[in-house]
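Encoded as structure tokens, the structure appears first; notes follow it.
The values are calculated or read from the model by the stated rules, or taken from the named source; none is laboratory data. What you see is a predicted model; the values in this text were computed from it and never measured. FYI the Cβ positions are ideal-geometry reconstructions off the backbone, even for glycines, and counts take in every protein chain you see. Keep in mind that these areas ignore ligands, DNA and RNA; they rest on the heavy atoms of the full protein, side chains included. Shrake-Rupley method; radii C 1.70, N 1.55, O 1.52, S 1.80 Å.
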Amino acid sequence: MAIAALRTDDARFRALPDWPYAPHGIETLPGREGLRLVYVDEGPRDASTTFLCLHGQPSWSYLYRRMIPVFLSSGARVVAPDLFGFGRSDKPVDEAVYTFDFHRETLIRFVEALDLNNITLVVQDWGGILGLTLPLAFPHRIARLIVMNTTLAVGAEPSEGVMAWRAYVARTPDLPAGALMKRSTPHLTEAEMAAYDAPFPDATYKAGVRRFPQLVPIAQDDPGAAISREAATWWKTDFRGRSFMAIGMMDPVLGPPVMHALRRTIAGCPEPMVIPDGGHFVQEWGDPIAKAALAAFA
């Protein structure tokens, strides 16, 4: 049975600052037929490296606009999907659709549909909570990692910051995405704030925004916790690639303590790059991060 969803009018995405990238859409992912997943796909299709950039909540691939040009300058391919419920992608109206497994399987099927290989996984927030589990599905596709302000949600006791965020979103059904991004990133312009609001004409489009914080596995038997524990083992014992970590130090939810714990889980992860004034959405400081990552990998 088809999944009922809303589709944001493309007119809301016109003339976004620093966003010249054409949208691509796919509506044939197995089990999601008819739902349009929209993504950026730039650079040579036969490039030796593909940067797969995964966003979190309540953002979309626009969050990577300061990093994508740097990655492209290296001759790489860059792919940045909008998760269902976010950005230009379709937005299921039933909050029950939004589950850890639904989103993880979507990403797996997306990578397989595009047959992406030699992936540099670029993750933050839910992009990491989901994305760091992807190697269990296809370890041969993952070559390198750039990781920022995220975690593997293994079902451990949550921090006060995580619980405060869940509570805030639960009592804010029409969460103002642009204003939230501005609070974490003071240097955002009004036009950039509007770009983060663009996917959501009104609260009916925000089922995913409302649901995501409640999906974080905070108990051992929560959906996603077991696969996250398996992924933690893989990163610690089986990962043989290069990694780069950047930490937005002003993040109250997934900041330095969480990131240093994650670093101990990733085999060979070097000392992180520290962004002293960086907030949770540290990609907004992304140009120097991307350049430092490329230099480290070189």
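Just a few scattered comments:
- Each of ALA4 and GLN214 was given a label point 7 Å from its Cα along the Cα-to-Cβ line. The distance between the two points is 1.7 nm.
- Projected label distance in nm at GLU230 and ARG12, using a 7 Å step from Cα toward the beta-carbon: 3.6 nm
- Charge dipole magnitude, Cβ of K and R +1, D and E -1 - the chain, Cα centre, debye nearest 20: 440 debye
- Heavy-atom accessible surface of segment 28-129, averaged per residue, reaches 26 Å², computed with a 1.4 Å probe.
- Relative contact order, whole percent, for the chain stands at 21, derived from Cα pairs under 8 Å and 6 or more residues apart.
- Estimated from the Cβ-Cβ distance and a Förster radius of 25 angstrom, the FRET efficiency linking ARG263 and TYR168 is about 0.35.
- Theoretical ellipticity at 222 nm over the chain - DSSP helices of four or more residues, -39500 (n - 2.57) apiece, nearest 500: -9500 deg cm²/dmol
- Summed residue charge, Cβ within 12 Å of ALA298's Cβ, Lys/Arg positive, Asp/Glu negative: +3
- For the peptides 193-205, 118-130, 18-30, the ranking by packing is 118-130, 193-205, 18-30, with the highest mean count of neighbouring Cβ atoms within 10 Å listed first.
- Entry for segment 143-213 at q = 0.11, 0.14, 0.17, 0.28 Å⁻¹: log10 I(q)/I(0) = -0.37, -0.58, -0.82, -1.23, Debye formula applied to identical alpha-carbon scatterers, no solvent contribution.
- Accessible surface of the chain, 1.4 Å probe, proportion on carbon and sulfur as whole %: 54 percent
- Across segment 1-127, C-alpha contacts under 8 Å between residues 6 or more apart give a mean separation that, scaled by the residue count, equals a relative contact order of 33 percent.
- Average accessible area per residue (Å²) across segment 172-233 - probe 1.4 Å, nucleic acids and ligands excluded: 41 Å²
- Here, P(r) means the percent of Cα pairs in each 5 Å bin from 0 to the largest distance; for segment 1-88 it is 3, 14, 23, 24, 18, 12, 6, 2, 0.
- Where a label projected 7 Å from the Cα of TRP19 along Cα→Cβ would reach, residues of segment 39-80 with amide N under 14 Å: 39-41, 55-56, 58-68, 80
- Normalised contact order of segment 99-161, rounded percent, pairs of Cα under 8 Å and 6 or more residues apart: 36 percent
- Inter-probe distance in nm under a simple model that places probes 7 Å from Cα toward Cβ, at GLU160 and ALA295: 3.7 nm
- Evaluated with a Cβ-only charge set (Lys, Arg +1; Asp, Glu -1), segment 15-78 carries a dipole of roughly 120 debye about its Cα centre, given to the nearest 20.
- Highest-fluctuation residue, ASP41, ASP115, ASP174 considered, GNM on the chain with Cα pairs under 10 Å: ASP115
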